[in-house]
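*Asks:* Below is a structure I'd like to ask you about.
The values are calculated or read from the model by the stated rules, or taken from the named source; none is laboratory data. Not measured: the values here are computed from a predicted model. Note that we place each Cβ from the backbone using ideal geometry, even for glycine, and neighbour counts take in every protein chain shown.
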Amino acid sequence: MSVSLYGSGNTVIQAVSGSLSTQATTTSTSPVASGVLATITPQSTTSKILVVCTIPCLIAASSGYIYATLYRGATNLGTTTYGMGYLQANGTTIAGTIAFNFLDSPSTTSSTTYQIYVSVSTGTGYYMVNNATSTISVLEISGS
């Protein structure tokens with residue numbers, strides 16, 4: 001989906017989104033691509049990019065975390081340890097949704113891909129649980 005609006009200063013110029021409903025798992029303690037991505041080509045180097053993400057998850061461990069983070073291309077925009085959000089199992093398997101927003105300043109007019117990556121601290125983490133839909137929305141906001 002793409003939407004284009006024109007204006008000056010803090011106006012949404014365009015919006016793109018992506019989603020995925022295929023169940024997947026990871027046992028990796030390093031971030032791996034989830035396949036939930038969206039690509040945008042900013043119209044100005046002064047634009048900000050607002051990224052809104054939701055990813056249903058389950059951590060199948062008696063104790064541990066599943067982490068989600070955001071990448072722009074090959075760059076992790078979150079912290080190296082906790083990413084942008086996490087879900088913790090404390091004594092039992094737990095399910096929930098990790099949701100986060102990020103305002104980026106990529107300073108480019110080149111095609112730019114944003115993608116959710118996931119990792120776990122221990123055990124197995126499921127994402128896109130039971131065919132629930134994970135989403136990413138990317139909005140270009142005009143500069144002043």
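*Asks:* Among the numbered conditions (1) over 12 Å from the mean Cα position of the chain (by Cα); (2) modelled with pLDDT under 95; (3) crowded, with 18+ Cβ neighbours inside 10 Å, tell me where Ser21 comes up short.
*Replies:* Here Ser21 meets the rest and fails (3).
*Asks:* Take residues that are of a type in the set (Ser, Thr, Tyr) and in contact with a strand residue (DSSP E or B) (Cβ under 8 Å, 6 or more places away or on another chain) and tell me which of the strands (runs of 3 or more DSSP E) falling wholly in segment 1-97 contain 3 or more.
*Replies:* Working: elements: 2-4, 12-20, 24-26, 32-40, 48-60, 63-72, 85-90.
Strands (runs of 3 or more DSSP E) meeting the threshold: 63-72.
*Asks:* Among the candidates Leu103, Leu50, Leu58, which residue alone is in contact with a Leu (Cβ under 9 Å, 6 or more places away or on another chain), among the hydrophobic types (A, V, I, L, M, F, W, C) and closer than 14 Å to Ser134 by Cα?
*Replies:* Leu58
*Asks:* What number of residues in segment 62-101 are surrounded by fewer than 17 Cβ atoms within 10 Å (Cβ to Cβ), among the aromatic types (Phe, Trp, Tyr) and within 16 Å of Ser137 (Cβ to Cβ)?
*Replies:* Of the residues in that region, 0 qualify.
*Asks:* Check off (1) within 29 Å of Ser110 (Cβ to Cβ); (2) surrounded by fewer than 16 Cβ atoms within 10 Å (Cβ to Cβ); (3) touching a residue at least 24 places away in the same chain (Cβ under 8 Å) for Leu37 and give me the number that stays unchecked.
*Replies:* So Leu37 meets the others, but not (2).
*Asks:* Another question, if that's okay. Could you list, in sequence order, the residues of segment 105-138 that are buried (at least 17 other Cβ atoms within 10 Å of the Cβ) and closer than 14 Å to Thr45 by Cα?
*Replies:* Within segment 105-138, Pro106, Thr112 qualify.
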